[in-house]
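What follows is a short report on a single structure.
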Amino acid sequence: MISDGIFISHYPQAKVEIQDAIYYYNSKQKGLGERFFSDLNHQLNTIAKNPFYHSIRYDNIRYAHLYKFPYSAHYTVIDNKIIVYAVLSDYQNKL
């Protein structure tokens, strides 16, 4: 649970994408992957406070850009649950 009864879960592919990004950034500079993960968590906490802030972009999926890294969290809201489907580089994201 993150905030006010809101739960966040990740699809398995999203977990892989997060791990890949952490590995990539750590290979560029020590500790940069942890900064990426912190930025992602900051955005997820913000989403949990106001899940409907971001508009629907495709197939009932919303996405939110991270604050410091060129990535976006793609998610949907079902009842009191935020489901993260993907965490993609904005350079890969063609939407």
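Give the residues of the range 82-95 that are assigned to a strand (DSSP E or B) and either among the basic types (Lys, Arg) or surrounded by fewer than 19 Cβ atoms within 10 Å (Cβ to Cβ) (or both), sorted by residue number.
Across the range 82-95, the qualifying residues are Ile83, Tyr85, Ser89.
Touching a strand residue (DSSP E or B) at 6+ places or on another chain (Cβ under 9 Å), on the phi > 0 side of the Ramachandran plot and not acidic (Asp, Glu): is that true of Asn60 in this structure?
Here the answer is yes, as Asn60 does meet what is asked.
Every residue in the range 54-95 that is among the aliphatic types (A, V, I, L, M), over 10 Å from the mean Cα position of the chain (by Cα) and over 17 Å from Gln13 (Cα atoms), please.
Ile56, Val77, Ile78, Leu95
Considering (1) surrounded by fewer than 13 Cβ atoms within 10 Å (Cβ to Cβ); (2) modelled with pLDDT of 95 or more, say which one Asp39 fails and leave the rest.
(1)
Scan the range 54-81 for residues that are under 25 Å from Tyr25 (Cα atoms) and part of a loop (DSSP other than H, G, I, E, B) and jot them down.
Leu66, Tyr67, Lys68, Phe69, Pro70
Consider Ala48 carefully, then state whether it is without any contact (Cβ under 8 Å) to a residue 24 or more places away in the chain, among the hydrophobic types (A, V, I, L, M, F, W, C) and in contact with a Phe, Trp or Tyr (Cβ under 9 Å, 6 or more places away or on another chain).
No, not satisfied.
How about the range 59-86: which of its residues are touching a residue at least 24 places away in the same chain (Cβ under 8 Å) and of a type in the set (Ser, Thr, Tyr)?
Residues satisfying the conditions are Tyr63, Tyr67, Tyr71, Tyr75, Tyr85.
Within the range 17-26, is even one residue among the hydroxyl-bearing types (Ser, Thr, Tyr), in a helix (DSSP H, G or I) and crowded, with 17+ Cβ neighbours inside 10 Å?
There is at least one residue in the range 17-26 that is among the hydroxyl-bearing types (Ser, Thr, Tyr), in a helix (DSSP H, G or I) and crowded, with 17+ Cβ neighbours inside 10 Å.
The values are calculated or read from the model by the stated rules, or taken from the named source; none is laboratory data. This one's a predicted model, so the numbers in the text were calculated from it and none came from an experiment. Here the Cβ is made from the backbone with ideal geometry for all residues, glycine too, and neighbour counts use every protein chain on show.
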